[in-house]
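Step one of this worksheet: look at the structure below.
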Amino acid sequence: MKKIIFIGLLFAVAGAMVSCEKALPVYINDECYLKFVYENDADSVVNFSFAYGEKQIDTVWLPVRIMGFTVDCNRPVHLRQMETGTTDAVAGKHFIALDDAALNKAYYFIPAGAIEQEIPIVLIRDTSLRSQDYVLKIGIESDEDFSLGSIENLTKRIVISDQLVMPLNWGIYCQHYLGEYGRKKHEFMISVTGEKWDDDYVDNVWADYMWNDNGYCLYIKSLLQEELEKHGPIVEDDGTPVSFD
């Protein structure tokens, strides 16, 4: 008798679970959102310098991602320049315009069935970049296909230069070992080590040494200091002596 009651209770519970599942509303939301992809807050800024090579035109690729359902056709991505009020990059001079028809047709879209795409921003090596850094702030525009996604992921800022620029994470990964950043120091470090000491190197190579091989970081610091002593004093443009203390 107890077994019969127990089995009856199981069927009753199972029936209740099924009925609850049927009662759940179907999720329907045709709206799709678009945002830039950030791994961390530092990703809101991209430092780009032509100083590391000989190219006259180069490309920064910005990943964008949808929040919503995929579709079976390409959906265009519309970007616009946002004025910052200080040293704004000039379309046609420092970068190819974001509404360039050829670029938009070839690259500025989310492919059918995809949730993410890399959008190219084509930069131009103008002579003005040798003495001044320029800022290209880019925003996503909403349209019939996409609404605006997370507010903190709606803009990207590219700092364009033809001079050496401080890696974004210098203060986190380098300053403890190598001291304050300076462009003359940066040039010297490149000449001694053969490394660019740009964002990619600092974030992926030097950071790995810092966490896993502290002795190597101390070796590089010692090497740089010894080479500096051999080659005599070096000073920054403002007169600050270069030092690795």
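The values are calculated or read from the model by the stated rules, or taken from the named source; none is laboratory data. The shown structure was predicted, so the numbers you read here are calculated from the model rather than taken from an experiment. Counting neighbours? That spans all protein chains shown, and the Cβs are built from the backbone with ideal geometry, glycine included. With ligands, DNA and RNA removed, areas are computed over all heavy atoms of the protein, side chains included. Shrake-Rupley method; radii C 1.70, N 1.55, O 1.52, S 1.80 Å.
Quick notes on this structure:
- Among the conditions (1) within 18 Å of the chain's Cα centre (by Cα); (2) under 13 Å from residue 32 (Cβ atoms), the only one that residue 79 does not satisfy is (2).
- Criterion violated by residue 116 - all others in (1) over 29 Å from residue 54 (Cα atoms); (2) buried (at least 19 other Cβ atoms within 10 Å of the Cβ); (3) within 16 Å of the chain's Cα centre (by Cα) satisfied: (2)
- Residue in segment 73-85 that is farther than 23 Å from residue 151 by Cβ, open to solvent by 30 Å² or more (accessible area, probe 1.4 Å) and at pLDDT 90 or above present: yes
- When residues of segment 32-49 are limited to those that are hydroxyl-bearing (Ser, Thr, Tyr) and farther than 25 Å from residue 163 by Cβ, the one least open to solvent (accessible area, probe 1.4 Å): 38
- Hits in segment 54-67 (condition: surrounded by fewer than 16 Cβ atoms within 10 Å (Cβ to Cβ) and under 24 Å from residue 151 (Cα atoms)): 61, 63, 67
- Any chance residue 98 is open to solvent by less than 40 Å² (accessible area, probe 1.4 Å), assigned to a strand (DSSP E or B) and either of a type outside the set (Ser, Thr, Tyr) or in contact (Cβ under 8 Å) with a residue 12 or more places away in the chain (or both): no
- Of all residues in segment 202-219, those satisfying the criterion of being surrounded by 15 or more Cβ atoms within 10 Å (Cβ to Cβ) and over 15 Å from residue 245 (Cα atoms) are 202, 203, 206, 207, 209, 210.
- Any hit, segment 114-123, residues being outside any strand (DSSP E or B) and over 18 Å from residue 163 (Cα atoms): yes
- Residue ID - nearest to residue 97 (Cα to Cα), chosen from residues in segment 132-162 that are polar (S, T, N, Q) and open to solvent by 40 Å² or more (accessible area, probe 1.4 Å): 155
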